[in-house]
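Written below as structure tokens is the structure these notes are about.
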Amino acid sequence: MILSEAFGPFTVYKSDAANSFLYAHFDNAALFMDGLADYLLSEENLLNYANTLTPISFVPTPAIYKKLYSTMGTFLNSELELLTFDEVSDVVRNTLGQEFRFLDVNGKTLVQKDKIGKIGEYALHLLLTSYFKVHCIIPKFRCTTDRNMSVFGIDALFFDPGERTIYFGESKVCNSIDNAITLINHSFTEYEEQISEEYKLVLANDDVFNLSQEFRNAFQQYTEVCISFEDFVKGASIKHICVPAFLGHGSGNNTVDMFLDKMNKKLNRKDFFGLDTRYIFISLPIIDKAQMMDVIMKKVVKKSNEYRNAISTI
């Protein structure tokens with residue numbers, strides 16, 4: 001059974017673990033892309049991302065404009081990320097080739113991640129906070145480390161204090177939902193290793209990263225002494241975790257029913273670390289990845305310039 005409900009400018013369709021967020025004007029590509037880009041880049045949403053641990057409202061002050069300008073910089077980095085990937089199947093390699101660009105750097109093949117990947121992480125953050133009502137542990141754009149980043153890494157860290165559940169989110173933005181499913185399924189084959197690394201580098205490093213007070217109140221006594229995620233699970237009596245998977249994708253000839261069916265049937269599920277692992281699958285149809293990216297980046301550049309000018313004129 002497919003249920004639906006209104007959520008702001010979206011109609012949300014739901015079936016089992018799958019959710020599809022259909023933005024208004026889906027039958028008109030130009031109106032759809034312009035409206036969705038405006039929604040994603042609204043001041044309210046940008047400030048949600050920038051100050052998710054201590055929410056603030058938009059007021060036209062130099063400090064707020066600087067915060068907005070700095071957040072825009074997350075999407076405008078001149079250096080695109082070069083990400084590694086381990087041995088992968090031919091299917092995964094072919095899918096990566098359709099979505100990203102391969103580069104040879106000192107004899108090593110790397111994937112050049114396009115900027116819409118950052119937009120995907122950002123959209124996942126917005127939907128987890130505003131629709132699913134869970135709380136960010138730390139925005140991932142603040143988690144810059146010296147590690148050799150993988151194209152299959154953890155994209156969101158959230159916490160539900162009522163359920164005492166940690167969310168380890170995965171995000172992919174692809175030309176098709178089938179490509180997104182292929183890459184997410186590959187990520188899931190290494191997800192225990194990714195979660196373990198995320199624990200060691202971020203969750204157990206409160207002296208380096210400013211983690212949410214809610215998370216610290218619940219778990220700091222354990223993260224201070226537990227070396228591994230497995231030790232942490234045992235010490236803190238963790239019973240379950242949640243894995244939200246975000247799929248931004250072109251629509252092709254698919255319908256919402258097909259998006260939901262593909263996610264429920266084709267996305268792999270397993271219990272990581274022997275824990276009850278709950279899943280949330282999130283589809284955001286964007287009609288055409290390249291065109292959507294073009295619309296978003298033009299607005300990012302325009303708004304970034306407006307915020308910079310506003311700082312100097314107030």
**Prompt:** Filtering region 26-41 down to residues that are without any contact (Cβ under 8 Å) to a residue 12 or more places away in the chain and part of a loop (DSSP other than H, G, I, E, B), which residue is surrounded by the most Cβ atoms within 10 Å (Cβ to Cβ)?
**Reply:** ASN28
**Prompt:** Looking at this structure, is TYR23 surrounded by 14 or more Cβ atoms within 10 Å (Cβ to Cβ), among the hydroxyl-bearing types (Ser, Thr, Tyr) and more than 19 Å from the chain's Cα centre (by Cα)?
**Reply:** no
**Prompt:** With respect to the numbered conditions (1) over 30 Å from GLY35 (Cα atoms); (2) touching a residue at least 12 places away in the same chain (Cβ under 8 Å), which one is the sole condition not fulfilled by ASP178?
**Reply:** (1)
**Message:** For region 50-66, give me each residue that is surrounded by fewer than 18 Cβ atoms within 10 Å (Cβ to Cβ) and either part of a helix (DSSP H, G or I) or in contact (Cβ under 8 Å) with a residue 60 or more places away in the chain (or both).
**Reply:** LEU53, PRO60, THR61, PRO62, ALA63, LYS66
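Please state which one of LYS270, LYS303 is part of a helix (DSSP H, G or I) and either on the phi < 0 side of the Ramachandran plot or modelled with pLDDT of 85 or more (or both).
Numbers: LYS270 fails: part of a helix (DSSP H, G or I).
None of the others qualify; the one that does is LYS303.
Okay, residues lined up against (1) surrounded by 14 or more Cβ atoms within 10 Å (Cβ to Cβ); (2) touching a Ser or Thr at 6+ places or on another chain (Cβ under 8 Å):
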residue: ARG164; (1), (2): yes, no
residue: SER187; (1), (2): yes, no
residue: PHE215; (1), (2): yes, no
residue: TYR222; (1), (2): yes, no
residue: SER228; (1), (2): no, yes
residue: SER237; (1), (2): no, no
residue: ALA245; (1), (2): yes, yes
**Fill in**
(1) modelled with pLDDT under 80; (2) surrounded by fewer than 17 Cβ atoms within 10 Å (Cβ to Cβ); (3) not small (Gly, Ala, Ser) all hold for LEU96 apart from (2)
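For (1) among the hydrophobic types (A, V, I, L, M, F, W, C); (2) in a helix (DSSP H, G or I); (3) closer than 21 Å to PHE21 by Cα; (4) out of contact with any helix residue (DSSP H, G or I) (no Cβ under 9 Å at 6 or more places or on another chain), each residue gets a yes or a no:
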residue: THR182; (1), (2), (3), (4): no, yes, yes, no
residue: PHE188; (1), (2), (3), (4): yes, yes, no, no
residue: LEU201; (1), (2), (3), (4): yes, yes, no, yes
residue: ASN217; (1), (2), (3), (4): no, yes, no, yes
residue: GLU230; (1), (2), (3), (4): no, yes, no, no
**Prompt:** Given ILE138, ILE166, which one is in a loop (DSSP other than H, G, I, E, B) and modelled with pLDDT of 80 or more?
**Reply:** ILE138
**Prompt:** Restricting to region 198-255, what's the tally of residues that are in contact with a Gly (Cβ under 6 Å, 6 or more places away or on another chain) and without any contact (Cβ under 8 Å) to a residue 40 or more places away in the chain?
**Reply:** 2
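Could you please let me know if TYR39 is hydroxyl-bearing (Ser, Thr, Tyr), out of contact with any strand residue (DSSP E or B) (no Cβ under 6 Å at 6 or more places or on another chain) and under 23 Å from PHE159 (Cβ atoms)? Even if it seems obvious, please write down each step before you answer.
Details: hydroxyl-bearing (Ser, Thr, Tyr): yes; out of contact with any strand residue (DSSP E or B) (no Cβ under 6 Å at 6 or more places or on another chain): yes; under 23 Å from PHE159 (Cβ atoms): no.
So TYR39 does not fit the description; no.
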**Message:** Can you confirm whether LEU46 is over 23 Å from the mean Cα position of the chain (by Cα), within 30 Å of VAL256 (Cβ to Cβ) and at pLDDT 50 or above?
**Reply:** no
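The values are calculated or read from the model by the stated rules, or taken from the named source; none is laboratory data. Here the structure is a predicted model, which means the values were calculated and not measured. Cβ atoms come from the backbone with ideal geometry, glycine included; neighbour counts cover every protein chain shown.
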